[in-house]
1. In nm, give the distance between the simple-model label positions of residue 150 and residue 23, each being 7 Å from the Cα along the Cα-to-Cβ direction.
2. Under the 0.36 nm per residue contour assumption, what length would be gained going from the current alpha-carbon distance of residue 11 and residue 86 to full extension?
3. Could you tell me the relative contact order of the chain? Use alpha-carbon pairs under 8 Å, at least six residues apart, and round to a whole percent.
4. So what's the angle, to the nearest 10 degrees on a 0 to 90 scale, between helix 243-258 and the longest Cα principal axis of the chain?
5. In degrees, nearest 10, range 0 to 90: what is the angle between the Cα axis of helix 92-112 and the longest Cα principal axis of the chain?
6. How high is the relative contact order of segment 2-87, given as a whole-number percent (alpha carbon pairs under 8 Å, six or more residues apart)?
7. Report the gain in length on full extension from residue 51 to residue 111: 0.36 nm times residue separation, minus Cα-Cα distance, nm rounded to one decimal.
8. Mind giving me the nanometre distance, one decimal, between the label points for residue 36 and residue 157, set 7 Å out from Cα along Cα→Cβ?
Ligand SMILES: [Cu+2]
């Protein structure tokens, strides 16, 4: 039986690597075709993920081969082979090595990812020319979004001509856009998997985030922080369009929102109501 487990643990490493290798072809990997991120920062985050995956894979394979070897030799001893069992009472040298090596690896990862992290999180590293296009307020269990009127800047407090949507975030593509993230109640997390953007929304804090969408399309926005019974349905969409389409949408959304049911609106739109 011992030999079975030694082969099992050694092979599990091989199978895990094979799965990682083939996963992108079968769509088991990140979202999107070819697992390609839909934001500029997303590509860098994927690179970091791959680096960590390589480190973890090498460690996993090494550990499983060692485990397989120990089980194999142990099984031979148990079966009454020539080899004698070795009793160990610990090794200082080994303990120092397996403390220093992981610590060194963690330190390396911490330093290596610093640039990407700073780009995403530090104001000084964010693009200089960037529009804050909307304020997103997470609440149990929906996303409330406030946009400034066309040609205006987003103010910290609501303005009479602001445009509102629920669970529908519109963003232009091709240049960096910013969002002010808030929470109306408990802690939530703004997560757009296709773009690899994730940021906690914390009560009483306004957290700026920015990203540059590289491809037009419709993406999922979900909550990645268990925030109550309705957490599972806290889903919205991000509609990424060209800048012209975004501006057009903003004009139409404002028109709809401020239509009082009486004042002039284009005849066909009124007829279509
Ligand atoms: Cu939530």
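1. 4.5
2. Between residue 11 and residue 86, full extension yields an extra 24.4 nm.
3. 18
4. Once rounded, the angle reads 60 degrees.
5. For 92-112 against the chain, the angle is about 20 degrees.
6. 48
7. 20.3 nm
8. 4.6
Values in this text are rule-based calculations from the coordinates and carry no lab data. Bear in mind the structure is a predicted one, so any value in this text is a computation, not a measurement. Note that each Cβ is placed from the backbone with ideal geometry, even for glycine, and that neighbours are counted across all protein chains shown.
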